[in-house]
Amino acid sequence: MAGLVAATRLREHGIDPIVREKGTRAGGSMLLSSCVIWRHREWDDFRRECPGGDEQLQRLVWERLDDALDWLEAQGAVPVAVETGNPLTVGRRFDPAALTQVLASRAGDVQLNHAVRSGDAPLVLCTGGFGGSPDLVDRYIEPAAPLRLRANQWSTGDGLLIGTTRGGALSAGLGEFYGRNMPDAPWGESELVSLSQLYARFARIYDEDGAEFFTRDAVTWSETNVVAATAHRPHARAYYVLDRAGLEQEVRGRPVADIVDAAPPAARVPLGGLPFAPPEDAVAAVRVAASITHTIGGLRVDERARVLDERDVPVEGLWAAGVDAGGVATGGYASGLAQALVLGLAAADHVSASLA
Ligand SMILES: Cc1cc2nc3c(=O)[nH]c(=O)nc-3n(C[C@H](O)[C@H](O)[C@H](O)COP(=O)(O)OP(=O)(O)OC[C@H]3O[C@@H](n4cnc5c(N)ncnc54)[C@H](O)[C@@H]3O)c2cc1C
């Protein structure tokens, strides 16, 4: 998303950028997403939920998002909802395909199947983090087993590598990621939202050794903390075990029983097939695999999206936006799309100012 936003804004500034897109299509993970672009309703909640994040960057996203959403609408993007369905957050939901189409049509020259080049200058890195690189995930996140990828396949850390090669420093939180626990069975790109197993708060949570490693009252509303914990359990897997009351709960208007029933049969484990003795009131179990959507750490940037070196001096001609920029949601979870939108605009505005 960030690249399309930055290019669209640059064109508003009278600059004709080239968008190099490594993939076979525009839109990146935005195209696969639920497309809710949000911020915490209260600033204090943002700080409390993402305590390790850079306060200046958090302020930027929190203060600029509403205007940025208006800008998106001014480009022709029509929200399908003007609320998030979560009382803790505010934002707007878009149709991901429609939003991609609007931005891609306004971004100008989008060259598919073309990876960004290190020598391009000025260069705004927007490659979507390193969740698609098993090697980088292994090095920085150190999961117990490779994480399944719940995102576009092309975000393999190219921005991070280009940025650090040119002197950029790393942000805090390199070991953190946003993801979901997904059924431990094959699934496809069109099922990344519908198959998310987002009911840990109603389940009992075990690892393969039968250790109940997470209690349901410790699960945050986003459930990202249980996903992070699952990543470090044997085989990066967990079992969600439900009683009847759990199955009757609802998540985002959907009964938990329906979510469980929709999981591929290979992940729905008969109680007798569990590798541990289930609790007496258990009626269903699903084996889940920790899956990464995007990384939270990345390149260190300032509020103008300039990539910074170890001394916090901007690297000449280099910006990073979206989740290539690290340190916004460190310690918790915040909207990656909001980060992409606000930092994409900030980068374009500063590139334009620097060329004036
Ligand atoms: C199933 C799902 C649901 C989600 N739901 C939400 C949600 O509701 N709200 C929310 O805020 N976030 C959500 N997200 C996360 C959100 O999609 C990402 O945080 C956001 O897309 C990040 O924006 P970005 O621009 O950094 O990366 P992307 O949107 O992924 O774009 C990165 C682009 O860079 C390209 N690329 C990679 N390497 C190179 C290279 N070397 N050269 C050129 N191009 C390259 C990729 O192909 C891709 O097109 C969801 C994600 C998924 C997968």
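The values are calculated or read from the model by the stated rules, or taken from the named source; none is laboratory data. These numbers were taken from a predicted model, which means no experiment stands behind them. Because the Cβ atoms are built from the backbone with ideal geometry, glycine has one as well, and the counts that use them run over all protein chains shown. Quick note on the areas: whole protein, heavy atoms, side chains included, nothing else; ligands and nucleic acids left out. Shrake-Rupley method; radii C 1.70, N 1.55, O 1.52, S 1.80 Å.
Overview of values
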| read-out | value |
| --- | --- |
| Candidates ARG39, ARG117, ARG59 - the one that is over 17 Å from the mean Cα position of the chain (by Cα), of a type in the set (Lys, Arg) and not in a loop (DSSP other than H, G, I, E, B) | ARG59 |
| Pair list, Cβ < 6 Å and 6+ apart or interchain, from segment 322-337 residues that are closer than 14 Å to ARG59 by Cα to residues that are open to solvent by 10 Å² or more (accessible area, probe 1.4 Å) and assigned to a helix (DSSP H, G or I) | VAL328/GLN339 |
| Matching helices (runs of 4 or more DSSP H) fully within segment 205-315 where at least 1 residues are closer than 30 Å to LEU345 by Cα | 224-231 |
| Segment 171-205, residues that are more than 18 Å from the chain's Cα centre (by Cα) and open to solvent by 10 Å² or more (accessible area, probe 1.4 Å) | ASP184, PRO186, TRP187, ARG201, PHE202, ARG204 |
| Some residue of segment 37-59 being within 9 Å of the ligand (Cβ to nearest atom) and either open to solvent by less than 20 Å² (accessible area, probe 1.4 Å) or modelled with pLDDT of 95 or more (or both) | yes |
| Of residues in segment 98-114 being open to solvent by 40 Å² or more (accessible area, probe 1.4 Å) and assigned to a loop (DSSP other than H, G, I, E, B), the one farthest from ARG20 (Cα to Cα) | ASN113 |
| Number of the condition not met by TYR333 [criteria: (1) assigned to a loop (DSSP other than H, G, I, E, B); (2) more than 11 Å from the ligand (Cβ to nearest atom); (3) touching a Ser or Thr at 6+ places or on another chain (Cβ under 7 Å)] | (2) |
| Tally of residues being buried (at least 22 other Cβ atoms within 10 Å of the Cβ) and not in a loop (DSSP other than H, G, I, E, B) across segment 121-142 | 4 |
| Pairs, first within 21 Å of PHE46 (Cβ to Cβ) in segment 203-230, second open to solvent by less than 10 Å² (accessible area, probe 1.4 Å) and among the aliphatic types (A, V, I, L, M), C-beta under 7 Å, six or more apart | VAL219/ALA200; VAL219/VAL226; GLU223/ALA200; VAL226/ALA200; VAL226/ILE205; VAL227/ALA290 |
